Every structure is written in C-alpha cells, then in structure tokens.
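Peer 1: Mind having a look at this structure? Questions to follow.
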Amino acid sequence: MNIFFLHSYLVCVMCVLQGRSWEPTLLPRTTQGLTSVLLALKKCPMIRYQLSSDMAKRLGESVKQIITKEYELFDFRKTEVPPLLLILDRSDDAITPLLNQWTYQAMVHELLGLNNNRIDLSRVPGISKDLKEVVLSAENDEFYANNLYLNFGEIGTNIKNLMEDFQKKKPKEQQKLESISDMKAFVDNYPQFKKMSGTVSKHVTVVGELSRLVSERHLMEVSELEQELACQNDHSSASQNVRRLLQNPRVSEMDAVRLVMLYALRYERHSSSILPGLMEELNRKGVSEKHCRMVTSMVEYGGKRVRGSDLVNPQDAVAITKQFFKGLKGVENVYTQHAPLLQETLDQLIKGRLKDSHFPYLGPSSLRDRPQDIIVFVIGGATYEEALAIYNLNRTVPGVRIVLGGTTIHNTKRSESSTTPRDRFASVKLHPDIAIRHPLFDTRSTHMIKMA
C-alpha cells in the first residue's frame, strides 16, 4: 500500500445500537473489526473521541484495551508522529446523510444501490439481459475510477467522449478479414474492443437510468431545497418551499420525509416552526406511519439536545462569515453548498485547533505535532460526501493521510426497512481486501474508496 495513496476502507462490522448505548454483545464485535483494520494498516494509534458520545468513549476504551493486551501485535516501527484514531458519533451530524449528492459514486449508491460493487438494473425499463446486473469497481473499470468524484454534468460530458472514442475504434475492428495477418490483428485487438464495448454499454445504461430517476423524482428541485435547509437561515422561504414540494405528487414518499427531517433538525426550536403542519402534509400525501415516525426519531437521534457541536447555528464570527460566503457561490454551486461537519473537524485537527475539551485523548499522552496518519471511525456510519471531503484533503494537504471508516455507508434505501434512525445507522459490513479473516465478519457486501 503506497503511503501517499491510501485505500480508505469504509470499515464495517455488524453492529446494532440500543438507544444511545452499545448492545453488550456487539461492542466487542465492533472493537475486533476496528482493531483488525489497525493491524492491517500496521498502525498503533493514539486515540481521541467525541466527548458528547458515551458510545465513542466506550469504543475507544475497548480498542485501547485490546492494543494494551496484545501489545506485541501492535509493535510496529515507530514513526516521528504517532498515528491517530479519531472516533466520532453520527448523531453529531445527522444532516449530511439526508442530503442528495451529485457525484457519480454517490448517485449510484443513493439511486441504484451498490452491493458488493454490483448494481441491480433488472427494474430498468427495456433493459437487456446482459445488463440486468453490472459491476462498478474502481479497481477494474478505468472510466469509473476516473469519474468517481466528478459531478453529474461532467459525467455526461465524459460519457459522450467515451462514446466518440468507441465509435472511432469500432470501424477498424469490423474490417474484412482477408489475410492471416488481418485475422491475427483482429484476435489481438478483440479483447480490448470487447472490453471497451462493455464499458460503454454499462456506463451509458447507468447514467441514463440516473438521469431518468433525477427527472422522474424532481431531484434537482428537491436537492436545491435540501441545500437551502442545510446551509441557509431563511425560515420563511424554507417553510414555503418545503410545503410546496410536499404538495407535488412527483416528489416521492422518502424524499418528502427527508425534507421534513431536514426542516425538523434545522428549525427544531424556531418560534414559528410549522413542523405540525408539515406532518399533516405528509399524512395527506399518504406517507406511511412508519416513515412519519422517523421524523420524530431523527430529532431524538441528532437534535440539538444530543449534539456536541452547534451544527446549524454557528455562533463564532469565522463560522458565520464562512456560511455567508457559502451563500454567495452562485447558481452553479447551488447543489453543492453543504460541507459535512467532518470536514471542519478534520481541518481543525490538522491545524492543531481541535479542542481537547470536546475531543479528549484516551490516556495522559497527546500529540505535540500535526498528525500525519489519521484513521476516522464514525459510529453510525459515513457518507460518500464525507469520503469526497477526505479524498480532497488527502490531495491538497501535504504530508497528511486520512482513512475513513464507519459502521455503514448511507443511502435512503437502507432506511426504508428501518423504523428509526437508530436502525438506519446500524447496519455494517467489512471490506474483504483488508486481509483479515474472522468468522465474526460479514464480507458479503463491501464498499471501497480509493484515496489520493
């Protein structure tokens, strides 16, 4: 593994949370998964955790206990600056998993679903037999690897270029085979041609289906409002726009619930809150009772009473200024205004400004220098927006290498079978390439992100 280009494994171990505490039999299981990753990465880290989360503290203590007990296993070559394990709790930022994303990987996971790098396209209208299930892997698909983090508009342009390149090469492969040398050339080039043909067909189909779903579900309008709720502070405009979209029959049940969740988190204690009225709109829309209950559960999970950070109401002048300029980016950025809390947390950590009073160390020691190797683990799961933020940090901050882990990688479909955000933020899996084999691990569903 190149120390400058890390594979960030969205590490996952089966873990079910009970309320705001660990289910006793599964804390050890999560500890085993996380310590296995540390062994695979050959890291013996110092540990910091989110003070507002008892779960983060208990996981940190459990990991530290294993490291102390099995010190010989963790006796790796010492580095000038020790690695750091930062344990966070999803409840500190429940907004990020609720937002639609517009990068290729994130859109595929949200709208189509990635399971073991496979996409089920069997329900796509008019789909051919060969394309009912396709594989998207950055390891084996150059186009996918190059477009993981590009936005939807850029993907459309690149698909067009891919098609044009294919058309240029296609006639050469269909020339008449008039000699032995012609046949030999055809045989030599056929695998490459066939691979390119499959790549073109696959990505044209996937992007076409994404485009259809975006149009069918009015996702651009929904996403614009999501960004307004997450980043702006105009209650009057937000109230009108949420009510208007809830009354739009083309907005899906889950998109409607997600908008109300965002409103509830953003304006939880606003004196003019219209949340009861929005709940009535959901009932009139025919939203199931199970999904309506998720709004209340979301506030209980990630509301102001629970959060350790001031997620939606920054008080310091720097944060207010950042939010102001964020609103001035212009129409071209209206769908990407939001930056996850994790990005700000890591920025503060790298600059040495992350407060020990909010993110204490386990044990008496602390880092004196800027951390260089950082492993982030999010109890309750990570998102592809956060993975993108870390990818960009790894590219732009010299000498810093960050690996992202969590108990799941979120999309809305995962929540449809859950009655509460507690369940939604609980399902986890482990990437098989970590080279650790243990009967407790479920490796059937995997996600990998290549970090620069």
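Peer 1: How about segment 345-364: which of its residues are over 25 Å from the mean Cα position of the chain (by Cα) and open to solvent by less than 90 Å² (accessible area, probe 1.4 Å)?
Peer 2: Answer for segment 345-364, where residues must be over 25 Å from the mean Cα position of the chain (by Cα) and open to solvent by less than 90 Å² (accessible area, probe 1.4 Å): GLY352, ASP356, SER357, PRO360, TYR361, LEU362, GLY363.
Peer 1: Residues to consider are GLY327, GLY308, GLY302; find the one that is in contact with a strand residue (DSSP E or B) (Cβ under 9 Å, 6 or more places away or on another chain) and at pLDDT below 95.
Peer 2: Checking each option against the conditions leaves just GLY308.
Peer 1: Being open to solvent by 10 Å² or more (accessible area, probe 1.4 Å) and either at pLDDT 85 or above or not polar (S, T, N, Q) (or both) narrows it down to one of LEU367, LEU404, LEU430, so name that one.
Peer 2: Only one candidate qualifies: LEU367.
Peer 1: Considering LEU73, LEU84, which residue is on the phi < 0 side of the Ramachandran plot, in contact with a helix residue (DSSP H, G or I) (Cβ under 9 Å, 6 or more places away or on another chain) and at pLDDT 95 or above?
Peer 2: So the residue among LEU73, LEU84 that is on the phi < 0 side of the Ramachandran plot, in contact with a helix residue (DSSP H, G or I) (Cβ under 9 Å, 6 or more places away or on another chain) and at pLDDT 95 or above is LEU84.
Peer 1: Hey, among the residues in segment 330-344 that are over 19 Å from THR396 (Cα atoms) and part of a helix (DSSP H, G or I), which one's most open to solvent (accessible area, probe 1.4 Å)?
Peer 2: Of everything passing the filter in segment 330-344, GLU332 is most open to solvent (accessible area, probe 1.4 Å).
Peer 1: Does VAL403 fit the bill of being assigned to a strand (DSSP E or B), touching a Phe, Trp or Tyr at 6+ places or on another chain (Cβ under 9 Å) and of a type outside the set (D, E, K, R)?
Peer 2: For VAL403, the condition - assigned to a strand (DSSP E or B), touching a Phe, Trp or Tyr at 6+ places or on another chain (Cβ under 9 Å) and of a type outside the set (D, E, K, R) - is met.
Peer 1: Using beta carbons and a limit of 9 Å, which pairs, at least six apart or on different chains, have the first residue in segment 282-309 and over 25 Å from ARG244 (Cα atoms) and the second one in a helix (DSSP H, G or I) and of a type in the set (S, T, N, Q)?
Peer 2: From segment 282-309, the pairs are TYR301/SER91; GLY302/SER91; VAL306/SER91; ARG307/SER91; GLY308/SER91; SER309/THR345.
Peer 1: Scanning for something modelled with pLDDT under 90, farther than 30 Å from GLY406 by Cα and part of a loop (DSSP other than H, G, I, E, B), does segment 164-174 turn up at least one residue?
Peer 2: Scanning segment 164-174, I find at least one residue that is modelled with pLDDT under 90, farther than 30 Å from GLY406 by Cα and part of a loop (DSSP other than H, G, I, E, B), so the answer is yes.
Peer 1: Another question, if that's okay. In segment 100-136, which residues are outside any helix (DSSP H, G or I), open to solvent by less than 10 Å² (accessible area, probe 1.4 Å) and of a type outside the set (Val, Ile, Thr)?
Peer 2: ASN100, LEU121, LEU136
The values are calculated or read from the model by the stated rules, or taken from the named source; none is laboratory data. Remember, predicted model here, so these are calculated numbers, not experimental data. Reconstructed Cβ throughout: ideal geometry from the backbone, glycine too, with neighbour counts over all protein chains shown. Surface areas here come from the heavy atoms of the whole protein model, side chains and all, with no ligands, DNA or RNA. Shrake-Rupley method; radii C 1.70, N 1.55, O 1.52, S 1.80 Å.
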